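Shown next, in structure tokens, is the structure this report addresses.
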Amino acid sequence: MTPAITLEELLAWNHESSEFWKAHLEANPALLGLPCDISGTTNVQEFARHIWGVELVWGQRIAGLPVMDRKDIPAGPLDALFDLHLKAVQIFRTLLDDPTLNWDETMTLKFPWLPPEGLTVSRRKIAGHALFHSQRHWAQLATLVRAAGFPSGFKGDLLFSRALK
């Protein structure tokens, strides 16, 4: 056995974190209006929209589904934003459950912000990127809310996840 962390485990870790933040934001709705300038957002609600919207779009992309246009991603409320995450999780689970899917198959991406060497990548790399993207941003949000006087108690490190033993 290769001592590797699987995409299934990363997806479970990602879902744990998303559930934590949805519950924390529901319990502290004032946080949704907290100023935030990460990834072109102006507040925490827009930041959550970015995180969960990106998950969905990457999932759609690697599944070969029509990709939701950014303007069609809802601005809120929180439940509508979390639904983006739930749809992404369903797509990822469907892909992960498909024994015929070739995760090493490459896809060519067309984004002006990607360097030429990053334009052709495997489906596996895109999935890993999507799941780590969310985790990185949740860590940023934990710092932001703590600095604003609203500590979350977020234990987002993989070490604390129930997704792995």
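For Met107, nonlocal amide neighbours, meaning residues 5 or more places apart or on other chains whose placed amide H falls under 5 Å from its own, are Val121, Ser122, Arg123. Max-minus-min Cα coordinates of segment 97-138 on each principal axis give 32, 28, 12 Å, with the largest extent listed first. As a rough guide to protection, the peptides 47-59, 127-139, 90-102, 10-22 ranked by mean Cβ packing within 10 Å, highest first, stand as 47-59, 10-22, 127-139, 90-102. Remark on segment 33-76: hydrodynamic radius 11.0 angstrom, per the Kirkwood mean of 1/r across alpha carbon pairs. Taken over the alpha carbons of the chain as equal point scatterers, the Debye sum produces base-10 log I(q)/I(0) values at 0.10, 0.15 Å⁻¹ of -0.38, -0.86.
Working from label points 7 Å from Cα in the Cα-to-Cβ sense, the Ser39 to Glu105 distance is 2.6 nm. Mean-square fluctuations from a GNM of the chain, with a 10 angstrom spring cutoff on Cα atoms, peak among Gly40, Gly149, Gly76 at Gly149. Starting from the coordinates of the alpha-carbon atoms of segment 1-42, obtain the Kirkwood hydrodynamic radius over all distinct pairs and give the value in Å to one decimal. Computed over Cα pairs of segment 1-42, the Kirkwood hydrodynamic radius comes out at 12.7 Å.
The Stokes-Einstein estimate for segment 76-165, based on a Kirkwood radius over Cα pairs and taken at 25 °C with 0.890 mPa s viscosity, is a diffusion coefficient of 154 µm²/s. Do you know the Lys pair count in the chain for C-alpha distances under 28 Å, with sequence separation 8 or more or different chains? Value for the chain: 16. Extension gain, Arg124 to Ala4: 0.36 nm times the residue separation minus the Cα-Cα distance gives 41.9 nm.
Share of Cα-Cα pairs in segment 1-73 beyond 18 Å, in percent? Summing the P(r) tail past 18 Å for segment 1-73 gives 54 percent. Karplus-derived 3J(HN,Hα) values for segment 149-165, using 6.51 cos²θ - 1.76 cosθ + 1.60 with θ = phi - 60°, are x, 10, x, 9, x, 4, 10, x, 4, 4, 4, 9, 6, 7, 6, 10, 8 Hz; glycine and proline are entered as x.
Each value in this text was obtained by applying a stated rule to the coordinates, not by laboratory testing. Everything numeric here is computed off the predicted structure, so don't read it as measured data. Note that we place each Cβ from the backbone using ideal geometry, even for glycine, and neighbour counts take in every protein chain shown.
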